[in-house]
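Take this structure first; my questions come after.
The values are calculated or read from the model by the stated rules, or taken from the named source; none is laboratory data. Please read these numbers as outputs of a predicted model, since none were measured by experiment. Cβ placement follows ideal geometry from the backbone for every residue including glycine, while neighbour counts extend to all protein chains displayed. Just the protein is used for accessible areas: all its heavy atoms, side chains included, with ligands, DNA and RNA removed. Shrake-Rupley method; radii C 1.70, N 1.55, O 1.52, S 1.80 Å.
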Amino acid sequence: MTQSFSDNEDMSFLKDNLQRVKENIAEALIKSGRAENDARLMAVTKTVKPGYINYMLDAGVDLIGENKVQELLSKLEFLRAPLPEMHIIGHLQSNKVRKIINVVSMIQSVDSVSLASEISRQAELHSVTADVLLEVNIGDEESKTGLPQELLREAAAEISQMKGICIKGLMCVPPICESDAEARRYFEKTRRLFEDLKGSLEDKNSFSVLSMGMSGDYVPAILEGATLVRVGSALFGRRVY
Ligand SMILES: *Cc1c(COP(=O)(O)O)cnc(C)c1O
């Protein structure tokens, strides 16, 4: 990575952004009658330079998410120790699984049984258990990855039998919506799928993570039961690719 940043760059806007997002999360939790720590904040760091990420880590962020394996790996040496918890949240190619099996503590974007099977294989090879979320294509969009809703239960049943892999919950990225009310319908739908699936799994207690909501819609997501929100631009500013 060739990005540089000056030590005296004023990054205090990051702290203000973090404060605002945390307040909104807290307010949404109160509004829905949930406990104070019931929704975890992930800082989505794709395209964000390490200096900004480190600033957020110092400000108390303890979970980051990256979409791409290569980008995550290239940033690692620039992140301050101790490293935060890290999750992969973007479409993952099977041939990249081995590179991150020991680096991330969760793969949120399991969108096929074949990917799960490679995760299982690599987890066994490395003697670890891989925590995963199943990504569901909640808007039935052709342009999006994610398991089709009608295949979710069958896929979950199959994956839950695999060694070295533990299904922790669901993740979704709904279609772009015009309003909070519209977004909320997708989140509600996802929560229902989550509850149905939980009921059908043998290992119910492990199934507890509902990852939904991004910068534009984390409040309605929490109102519908999100336990993890993935926030990028509301924390770091608009992404420059
Ligand atoms: C980029 C991304 C986010 C964060 O998006 P923002 O709108 O910037 O908050 C969350 N989840 C996934 C899967 C992403 O790719």
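Can you find a residue that is hydroxyl-bearing (Ser, Thr, Tyr) and near the ligand (Cβ under 10 Å from one of its atoms) anywhere in the range 168-189? Break it down into steps so the answer makes sense when it comes.
The initial filter retains those residues of the range 168-189 that are hydroxyl-bearing (Ser, Thr, Tyr), namely 179, 186.
Narrowing the set further to residues that are near the ligand (Cβ under 10 Å from one of its atoms) leaves none.
No, every residue in the range 168-189 fails to be hydroxyl-bearing (Ser, Thr, Tyr) and near the ligand (Cβ under 10 Å from one of its atoms).
Counting just the residues of the range 66-82 that are open to solvent by less than 90 Å² (accessible area, probe 1.4 Å) and within 13 Å of the ligand (Cβ to nearest atom), which one comes out farthest from residue 229 (Cα to Cα)?
It comes out as 71.
Looking at 124, 27, can you tell me which residue is out of contact with any helix residue (DSSP H, G or I) (no Cβ under 6 Å at 6 or more places or on another chain), under 21 Å from residue 219 (Cβ atoms), among the acidic types (Asp, Glu) and more than 16 Å from the ligand (Cβ to nearest atom)? Spell out the reasoning first.
On the way: 124 fails: under 21 Å from residue 219 (Cβ atoms).
Of 124, 27, the one residue that is out of contact with any helix residue (DSSP H, G or I) (no Cβ under 6 Å at 6 or more places or on another chain), under 21 Å from residue 219 (Cβ atoms), among the acidic types (Asp, Glu) and more than 16 Å from the ligand (Cβ to nearest atom) is 27.
Over 24 Å from residue 130 (Cβ atoms) and of a type in the set (A, V, I, L, M) - does that describe any residue in the range 31-53? Let's see the steps before the verdict.
Within the range 31-53, the first condition is being over 24 Å from residue 130 (Cβ atoms), and the residues that meet it are 31-38, 47-52.
Checking the rest, the ones that are also of a type in the set (A, V, I, L, M) come to 35, 48.
Looking through the range 31-53, at least one residue is over 24 Å from residue 130 (Cβ atoms) and of a type in the set (A, V, I, L, M).
What single numbered condition from (1) surrounded by 19 or more Cβ atoms within 10 Å (Cβ to Cβ); (2) modelled with pLDDT under 95 fails to hold for residue 3?
The single condition residue 3 does not satisfy is (1).
Among what's in the range 35-60 and is without any contact (Cβ under 8 Å) to a residue 60 or more places away in the chain and part of a loop (DSSP other than H, G, I, E, B), pick the residue that is nearest to the ligand (Cβ to nearest atom). Working first, answer last.
Restricting attention to the range 35-60, the residues satisfying the condition of being without any contact (Cβ under 8 Å) to a residue 60 or more places away in the chain are 35-37, 49-51, 53-55, 57-60.
If we keep only those that are part of a loop (DSSP other than H, G, I, E, B) too, we end up with 35-37, 49, 59-60.
On the way: 35: 24, 36: 22, 37: 21, 49: 15, 59: 17, 60: 18 Å.
Looking at residues that are without any contact (Cβ under 8 Å) to a residue 60 or more places away in the chain and part of a loop (DSSP other than H, G, I, E, B), I get 49.
So residue 124 fits all but one of (1) more than 24 Å from residue 183 (Cβ to Cβ); (2) free of Cβ contacts under 8 Å to residues at least 40 places away in the same chain; what number is the exception?
(2)
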